[in-house]
1. Cβ-Cβ under 7 Å, sequence separation 6+ or interchain: first residue in the range 21-45 and of a type in the set (Asp, Glu), partner in a loop (DSSP other than H, G, I, E, B). Which pairs?
2. If a residue counts only when it is modelled with pLDDT of 75 or more and touching a strand residue (DSSP E or B) at 6+ places or on another chain (Cβ under 7 Å), which strands (runs of 3 or more DSSP E) contained entirely in the range 22-114 have at least 2 such residues?
3. Within the range 10-21, restricting attention to residues that are more than 25 Å from the chain's Cα centre (by Cα), part of a helix (DSSP H, G or I) and small (Gly, Ala, Ser), which residue is surrounded by the most Cβ atoms within 10 Å (Cβ to Cβ)?
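The values are calculated or read from the model by the stated rules, or taken from the named source; none is laboratory data. Note that the structure is a prediction, hence the values are computed from the model and not measured. Every residue, glycine as well, gets a Cβ built from its backbone with ideal geometry; the counts of neighbours run over all protein chains shown.
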Amino acid sequence: MVSVSEEVPAPASAVYAVLADYREGHPAILPKRHFPSFAIEEGGIGAGTVIRFNLDSILRADFKSRQEGLKIQREMGVINPNEWREIEGKGPQFKIGYLTTGPAGRPRRTPPRP
């Protein structure tokens, strides 16, 4: 749904140019307090642009409510643990494995380096 709150005294092509430019134009008109983590993942101009931003400042869900919602999504298989961590702004959690080397019958387990 689109609604107009104010008419912009500019040609439609100029307005579109600002909205389609995710590198300079669009960020210049976004309220910074609501989009502090706005980032371009692919493209940057027009169709095909992929952006990422955190909705926490807009949704303002308290921590407990957000965690309960994420827990339900996790239990239903909608998200996996790493997706949960990504939503919370944390990096993925990796399992540490061992590298097994050596001649047959005499393997040597080496822990990975940090």
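1. Pairs found: GLU42/GLY48; GLU42/THR49.
2. On the way: elements: 39-42, 50-52, 99-101, 108-110.
Filter on the range 22-114 gives 39-42, 50-52.
3. Filtering first and then ranking leaves ALA14.
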